[in-house]
């Protein structure tokens with residue numbers, strides 16, 4: 001920021017327009033980029049790091065996380081955080097459990113006790129969706 005301010009004071013706006021810093025050229029060929037785009041249309045990756053690992057395994061070209069993020073943005077991809085949706089309970093399993101629980105309460109006797117154990121936090125029942133538009137954390141525009 002100081003460098004930009006100093007350039008603005010010295011030469012005014014013309015010095016700010018020509019910033020000498022720019023990123024490196026793309027390390028993948030046009031054919032490799034086309035193959036990557038085709039692959040991303042059929043496979044879902046949750047992170048740019050996972051895409052970079054696939055690129056390294058496939059093309060033997062290494063990318064940093066930020067470099068892969070920049071490449072994906074240039075290709076028109078955006079990150080979409082998966083939304084958590086509640087897990088769906090099986091109605092038949094619940095009915096069978098309730099019938100067995102009612103039977104247990106009826107036949108437990110005087111000395112028996114029914115205790116509920118193994119309760120889970122609600123967050124464990126939430127899961128990321130794997131169908132629909134929210135399926136693709138890295139999605140084509």
Under 9 Å by Cβ, and 6 or more places apart or on different chains, what pairs join a residue from segment 64-76 that is on the phi > 0 side of the Ramachandran plot and touching a residue at least 60 places away in the same chain (Cβ under 8 Å) with one that is assigned to a helix (DSSP H, G or I) and surrounded by 12 or more Cβ atoms within 10 Å (Cβ to Cβ)? 76/37
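Here is a yes/no grid of residues against (1) within 30 Å of residue 32 (Cα to Cα); (2) touching a strand residue (DSSP E or B) at 6+ places or on another chain (Cβ under 8 Å); (3) loosely packed, with under 12 Cβ neighbours inside 10 Å; (4) at pLDDT 65 or above:
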site: 57; (1), (2), (3), (4): yes, no, yes, yes
site: 72; (1), (2), (3), (4): yes, yes, no, yes
site: 87; (1), (2), (3), (4): no, yes, yes, yes
site: 106; (1), (2), (3), (4): no, no, yes, yes
site: 127; (1), (2), (3), (4): no, yes, no, no
site: 136; (1), (2), (3), (4): yes, no, no, no
site: 141; (1), (2), (3), (4): yes, yes, yes, no
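Take residue 112 and decide whether it is in contact (Cβ under 8 Å) with a residue 60 or more places away in the chain and out of contact with any helix residue (DSSP H, G or I) (no Cβ under 8 Å at 6 or more places or on another chain).
Details: in contact (Cβ under 8 Å) with a residue 60 or more places away in the chain: no; out of contact with any helix residue (DSSP H, G or I) (no Cβ under 8 Å at 6 or more places or on another chain): yes.
Here the answer is no, as residue 112 does not meet what is asked.
The values are calculated or read from the model by the stated rules, or taken from the named source; none is laboratory data. In this text, all values refer to a predicted model and were calculated from it rather than measured experimentally. Please note: Cβ atoms are built from the backbone with ideal geometry, for glycine as well, and neighbour counts cover all protein chains shown.
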